[in-house]
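J.: First the structure, then my questions, so here it is.
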Amino acid sequence: MASTFETVADIIADTCDIERDKITPESHAINDLGIDSLDFLDIAFAIDKSFAIKMPLEQWTREVNDGKVSTEEYFVLGNLCKHIDLLVAAKPA
Amino acid sequence: MILEYFQMVDRIVALDRKAGTIRTSCQVPTQSPVFVGHFPGFPRLPGALMIETMAQTGGWLVLAQLKFAKMPFLTRVESAKLRRFVEPGETLDGAATLTHDGSGFAVIESVISTGGQKVASAEIRYVVGPFPNDTIRAAMVFKAREIGFPEDCLHAE
């Protein structure tokens with residue numbers, strides 16, 4: 001079974017036409033990979049479907065805009081995957 | 001429909017917020033300035049306006065889901081198929097189903113048909129955000145009431 005990161009990296013490569021080898025857990029989706037907000041919505045849609053979750057993008061955006069967390073918290077892929085794992089774990093059985 | 005004003009949906013026939021479905025009725029006008037150019041001597045509804053009709057049908061559904069707290073804006077049309085010409089005077093039946101209620105975005109599948117025959121279909125995605133201003137929100141609430149939008153979907157809880 002593919003890891004969360006492998007699944008997310010494949011989604012990003014497919015959605016944004018980025019070479020898979022350039023996508024690492026340390027990559028920042030915006031600063032390193034150049035993903036814009038519209039592409040990120042497509043990525044979020046694919047992640048929601050793949051993991052059967054609903055990523056709280058609006059809440060995360062508010063937290064970043066309010067200065068409560070840095071963009072690294074949600075846009076560095078390793079961190080994003082940790083949040084995805086938490087959402088998956090929190091799903092009702 | 002008033003094509004030149006981009007008013008595509010005449011009436012909401014059914015809207016089931018819980019099921020995430022909507023059906024609309026859209027009467028193609030017999031005459032419109034649009035038909036002067038599209039096409040001379042062969043008036044047909046432009047494919048772009050078929051897509052707009054599907055997007056607006058789905059848009060009313062998303063507005064119902066949001067209870068008018070936010071507004072959907074078209075961001076992506078996926079797998080669009082325009083299957084046949086639509087002539088002036090035809091009645092289009094719109095239908096849309098919410099397939100994904102994301103955080104800050106929504107995805108629907110939409111179809112328009114006439115006489116039971118599928119005319120066009122597409123997956124349509126929207127980003128969902130605040131109304132740009134009070135004027136547009138008021139105009140949309142007015143239009144919603146005009147076309148039979150359920151009153152209980154007009155106000156956020």
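J.: Can you pull out the residues in the stretch A:49-83 that are hydrophobic (A, V, I, L, M, F, W, C) and assigned to a helix (DSSP H, G or I)?
T.: A:PHE51, A:LEU57, A:TRP60, A:VAL64, A:PHE75, A:LEU77, A:LEU80, A:CYS81
J.: Could you tell me whether any residue of the stretch A:25-32 is surrounded by 12 or more Cβ atoms within 10 Å (Cβ to Cβ), within 14 Å of chain B (Cβ to nearest Cβ) and either more than 16 Å from A:ILE11 (Cβ to Cβ) or not small (Gly, Ala, Ser) (or both)?
T.: So in the stretch A:25-32, the residues surrounded by 12 or more Cβ atoms within 10 Å (Cβ to Cβ) come out as A:25, A:27-32.
Keeping just the survivors that are within 14 Å of chain B (Cβ to nearest Cβ) gives none.
Within the stretch A:25-32, none of the residues are surrounded by 12 or more Cβ atoms within 10 Å (Cβ to Cβ), within 14 Å of chain B (Cβ to nearest Cβ) and either more than 16 Å from A:ILE11 (Cβ to Cβ) or not small (Gly, Ala, Ser) (or both).
J.: Pairs only if they're at least six apart or on different chains, beta carbon under 8 angstrom, first in the stretch B:49-72 and of a type in the set (Asp, Glu), second in a helix (DSSP H, G or I); list them, first residue then second.
T.: Between residues of the stretch B:49-72 that are of a type in the set (Asp, Glu) and residues that are in a helix (DSSP H, G or I), there is no close pair.
J.: Taking B:GLY102 and the conditions (1) over 13 Å from the mean Cα position of the chain (by Cα); (2) among the small types (Gly, Ala, Ser); (3) surrounded by fewer than 20 Cβ atoms within 10 Å (Cβ to Cβ), which numbered condition does it fall short on, given that it satisfies the others?
T.: With (1) over 13 Å from the mean Cα position of the chain (by Cα); (2) among the small types (Gly, Ala, Ser); (3) surrounded by fewer than 20 Cβ atoms within 10 Å (Cβ to Cβ) applied to B:GLY102, the lone miss is (3).
J.: Scanning for something out of contact with any Ser or Thr (no Cβ under 6 Å at 6 or more places or on another chain), within 22 Å of B:PHE6 (Cβ to Cβ) and within 13 Å of another protein chain (Cβ to nearest Cβ), does the stretch B:78-95 turn up at least one residue?
T.: yes
J.: Ok, one more. Which residues, counting only those in the stretch B:101-119, are part of a strand (DSSP E or B), out of contact with any Leu (no Cβ under 6 Å at 6 or more places or on another chain) and away from every other protein chain (no Cβ under 14 Å)?
T.: Once the filter is applied, which keeps residues that are part of a strand (DSSP E or B), out of contact with any Leu (no Cβ under 6 Å at 6 or more places or on another chain) and away from every other protein chain (no Cβ under 14 Å), the stretch B:101-119 yields B:SER110, B:VAL111, B:SER113, B:GLN117, B:LYS118, B:VAL119.
J.: Still on this structure, I have one more. So, of the residues in the stretch A:84-93 that are among the hydrophobic types (A, V, I, L, M, F, W, C) and in a helix (DSSP H, G or I), which turns out to be nearest to the other protein chains (Cβ to nearest Cβ)?
T.: Applying the filter and picking the extreme gives A:LEU87.
J.: Here's a follow-up. For B:GLY102, which of the numbered conditions (1) within 30 Å of B:GLY41 (Cα to Cα); (2) without any contact (Cβ under 8 Å) to a residue 40 or more places away in the chain; (3) not charged (D, E, K, R) fails to hold?
T.: (1)
J.: Looking at (1) touching a residue at least 60 places away in the same chain (Cβ under 8 Å); (2) over 19 Å from B:GLU90 (Cβ atoms), which is the one condition that is false for B:PRO40?
T.: B:PRO40 satisfies all of (1) touching a residue at least 60 places away in the same chain (Cβ under 8 Å); (2) over 19 Å from B:GLU90 (Cβ atoms) except (1).
J.: Just one of the numbered conditions (1) closer than 24 Å to B:PRO150 by Cβ; (2) more than 14 Å from chain A (Cβ to nearest Cβ); (3) among the β-branched types (Val, Ile, Thr); (4) touching a residue at least 40 places away in the same chain (Cβ under 8 Å) is not true of B:THR135; which one?
T.: (4)
No lab work stands behind these numbers, since they all come straight from the coordinates. This structure is a prediction, so every number in the text was calculated from the model and none was measured. For neighbour counting, all protein chains shown are included, and Cβ atoms are generated from backbone atoms with ideal geometry for every residue, glycine included.
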